[in-house]
Amino acid sequence: MLIEQIQLENGCALGLRFEMQKYPLLVIRAEKGFLMCGYLNVNAADALGDTAARVKGVQNFEDVLKAQIVEVTQSARELGVEPGMTGREALEKMF
């Protein structure tokens with residue numbers, strides 16, 4: 001597992017990378033929520049009341065920040081996170 005601090009304009013996020021068999025499982029955690037790769041489930045996060053957004057087709061943290069959001073939880077939507085924005089834009093709203 002790799003843990004990395006990711007400095008953004010509104011704060012410092014924590015990146016977690018787990019090496020799986022073919023592709024990495026990636027999560028970047030901000031103060032109020034997190035970005036996740038396609039391995040994880042937005043419906044489960046929503047049911048638990050988490051603030052989360054999902055991207056897909058990513059291999060590293062920089063990919064996560066550049067990728068377009070494809071799905072968000074209700075609480076993420078309430079912070080202004082919407083599908084189509086970049087991962088970086090979404091994370092900035094999660095501080």
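Read-outs: derived from the displayed coordinates by stated rules, not from any lab. Since this is a predicted model, take the numbers as computed values, not measurements. Here Cβ is always computed from backbone atoms with ideal geometry, including for glycine, and neighbour counts include all displayed protein chains.
Assorted remarks:
- Flag if residue 69 is touching a Phe, Trp or Tyr at 6+ places or on another chain (Cβ under 8 Å), surrounded by 12 or more Cβ atoms within 10 Å (Cβ to Cβ) and β-branched (Val, Ile, Thr): no
- On inspection, residue 57 does not qualify as in contact (Cβ under 8 Å) with a residue 24 or more places away in the chain and of a type in the set (Gly, Ala, Ser).
- When residues of region 1-58 are limited to those that are touching a Pro at 6+ places or on another chain (Cβ under 9 Å), of a type outside the set (Val, Ile, Thr) and more than 20 Å from residue 76 (Cα to Cα), the one surrounded by the most Cβ atoms within 10 Å (Cβ to Cβ): 17
- When residue 79 is tested against (1) free of Cβ contacts under 8 Å to residues at least 40 places away in the same chain; (2) in contact with a Ser or Thr (Cβ under 9 Å, 6 or more places away or on another chain), exactly one condition is not met: (1).
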